Every structure is written in C-alpha cells, then in structure tokens.
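Please read the structure below before turning to the comments.
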Amino acid sequence: MDYNEEAKTILKTITLGYEEIRELLILTVIESCTEADSFFKESIQCERIEILDYLVRISGDFDDFGDAPIQAPYYIKEYPSYMLKSYEDEMIHSLLNDERGARAFLSIALGKIKSEKAKEYIYNLAEDKEILGNWIFEEARKLYES
C-alpha cells in the first residue's frame, strides 16, 4: 500500500475535519509516509490554529487507544507558545489523565508556556527515573528554567 497516496487523498478533502486529521496522524507513524508529516509541519509553520485545535482535541480522546492521540502531542509541542497558551487547561487535563504515558510530549508544550498549573507535576515526573521516557519531562523542566 502506498501510504503517501493515501495521505494525498485525505489532503484533497475539501474540508479537513476531526476524522481526517486523526487519519493523517495515524499515517505519520509510518516512516515512509512523508506526506502526512509534511502536512503537520507546514501547518505549524503557517500557524494554522484550526489544526492545533484538532490536535488538542485528539490528544484528549481517551476512548481512542490507537496512534492518533499519541502522535498529536508530538506536533502540538512544535506550535508557538502564544498559540499554546489558550489550550493550557486541555493539555493539563490530557497529561494528568494519561494512564499509559502516551501524551508525555504535552509536558514540553506546557513547559514552553511555563504553565504554573503543571509545573510541580512536570518537575516530579522529571525526577522519577523509573518512568519510561523520563527524558521528555527533563526537557520540559529545562524549558521552565530557560
């Protein structure tokens, strides 16, 4: 299957909605599918708030045990701080309620905006060397200190 062609088909959709963004996130997991990854990187560069909105919503979908909610924070963290600030509460909710640790990259987004609400939680996770992916929380802590 040509996953780049599948991504191109989705991108031709007149209106990209929740499901289309979700499908593109799933395609980003496939290393050979550069179209989906390029779409998200371009959306970040162009500061497309509607895509960020979908990404935040998808990252908070705890009924979806697939790749989309895991991939969404990877792109969320790349948006500029000023755009992330209005999503602070949603990102904290997703991070705090993530039992699988799949949304750890949200801590970097929260570190970028220096979220006081999430600071103690992120610092505690950064100190816990038992956590798989602990380096992500250490990176978030560094953002608070910069």
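Values in this text are rule-based calculations from the coordinates and carry no lab data. These numbers come from a predicted model, not from an experiment. All Cβ positions, even for glycine, are placed from backbone atoms using ideal geometry, and neighbour counts span all protein chains on display.
For Glu6, the test of being loosely packed, with under 14 Cβ neighbours inside 10 Å and either among the hydrophobic types (A, V, I, L, M, F, W, C) or in a helix (DSSP H, G or I) (or both) is failed. In the set Leu27, Leu11, only one residue is over 23 Å from Phe137 (Cβ atoms), surrounded by 15 or more Cβ atoms within 10 Å (Cβ to Cβ) and either free of Cβ contacts under 8 Å to residues at least 60 places away in the same chain or not hydrophobic (A, V, I, L, M, F, W, C) (or both); that residue is Leu27.
Output the residue which, of all residues in the range 124-137 that are assigned to a helix (DSSP H, G or I) and surrounded by fewer than 17 Cβ atoms within 10 Å (Cβ to Cβ), is farthest from the chain's Cα centre (by Cα).
Glu127
Within the range 91-123, if we keep just the residues that are under 26 Å from Leu27 (Cα atoms) and acidic (Asp, Glu), the residue that is surrounded by the fewest Cβ atoms within 10 Å (Cβ to Cβ) turns out to be Glu99.
Yes or no: the range 24-33 includes at least one residue that is in a helix (DSSP H, G or I) and of a type outside the set (A, V, I, L, M, F, W, C). Scanning the range 24-33 turns up no residue that is in a helix (DSSP H, G or I) and of a type outside the set (A, V, I, L, M, F, W, C). Among the residues of the range 39-53, those identified as under 17 Å from Val29 (Cβ atoms) and either among the basic types (Lys, Arg) or under 11 Å from the mean Cα position of the chain (by Cα) (or both) are Phe40, Lys41. Within the span defined as the range 83-90, every residue fails to be touching a helix residue (DSSP H, G or I) at 6+ places or on another chain (Cβ under 8 Å) and either closer than 22 Å to Val29 by Cβ or not in a helix (DSSP H, G or I) (or both).
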